[in-house]
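Here it is, the structure in full.
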Amino acid sequence: VARWHALHPHPRWRRLFALAEDGRTQYQRAWHAPLVPLYALLAWAAYGIQGLVFGHYAQALWPGVGLLDAAYIFVLASLVGAASMIPGGLGATEVTMIAMLMARGVAPLEATGAAVAIRTVTLWFGILLGILNLTFLRKRT
């Protein structure tokens, strides 16, 4: 395998190419066949737990919204957010949750509060953990 970073005369480009090559190597190590099903199972479990958390939250606030119905709202809203191609599905996920809750008789202000609350404990908590981990790893290297 050619070391592309060694071929470029400028030091900044060499560092950039070396970083890209290191990223490619790390990606190949992480995504080899035996681990991919494990990653899929962990992702499935994580989204399932998030959906159930939203389901219990919605059911506690609005008894007319069932657990599975609320979990369905969360999953569908997450898929709409992913399909929007907006990072984190910001906006698209929340609007979908709000619209689907309102279609089930939830007041707009309450639906908005629920969408903001669930995104705070799912998306933004995950982002905070990622930032903390990157900060910690950067200090270690």
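What is the angle, in °, between the Cα long axis of helix 108-119 and the longest principal axis of the Cα atoms in the chain? Nearest 10 is fine, range 0 to 90.
It is inclined by approximately 30 degrees.
So how do Val75, Val95 rank on accessible area, 1.4 Å probe, biggest first, that is with the largest at the start? Show your work: numbers first, answer last.
Details: Val75 70, Val95 95 Å².
These residues rank, largest area first, as Val95, Val75.
Let me ask something else. Roughly to the nearest percent, how much of the accessible area of the chain is carbon and sulfur, given a 1.4 Å probe?
On the way: 7230 of 9960 Å².
So the carbon and sulfur contribution to the accessible surface is 73 percent.
Next question. Accessible area of His32, 1.4 Å probe, to the nearest 10 Å²?
Its accessible surface works out to 80 Å², give or take rounding.
Rounded to the nearest Å, what's the spacing between the alpha carbon centres of segment 98-141 and segment 32-64? Just the number, please.
Computed from Cα coordinates, the inter-centre distance equals 14 Å.
In Å², what does the accessible area per residue of segment 79-141 work out to with a 1.4 Å probe?
Working: 4170 Å² over 63 residues.
Value for segment 79-141: 66 Å² per residue.
If you average 1/r over every pair of different alpha-carbon atoms in the chain and take one over that average, what Kirkwood value in Å do you get? Mind dumping the intermediate values first?
Values: mean 1/r = 0.0555 Å⁻¹.
Hydrodynamic radius (Kirkwood, Cα only) of the chain equals 18.0 Å.
I'd like the accessible area for Thr96: 1.4 Å probe, protein heavy atoms, all chains in place, Å² to the nearest 10.
30 Å²
Measuring from label point to label point, each 7 Å out along Cα→Cβ, what is the Leu79 to Ile49 span in nm?
About 2.3 nm, to one decimal.
Net charge around Ala111, counting only other residues with Cβ within less than 13 Å of its Cβ (Lys, Arg = +1; Asp, Glu = -1)?
Working: positive: Arg104, Arg119; negative: Glu94, Glu110.
The answer is 0.
What percent of all Cα-Cα pairs in segment 2-74 falls in each 10 Å bin, counting up from 0?
18, 22, 16, 18, 14, 9, 2
Right, here's the next one. May I ask you to derive the FRET efficiency for Gln28 and Leu129 from their Cβ-Cβ distance with R0 = 25 Å, giving the value to the nearest 0.05?
Working: r = 25 Å, r/R0 = 1.00.
Result of the calculation: an efficiency of 0.50.
The values are calculated or read from the model by the stated rules, or taken from the named source; none is laboratory data. What you are looking at is a predicted structure, and each value in this text was computed from that prediction instead of being measured. Positions of Cβ are generated from backbone atoms using ideal geometry, with glycine treated the same way; all protein chains shown enter the neighbour counts. Note: accessible area is taken over every heavy atom of the protein model, side chains too, but ligands, DNA and RNA are not part of it. Shrake-Rupley method; radii C 1.70, N 1.55, O 1.52, S 1.80 Å.
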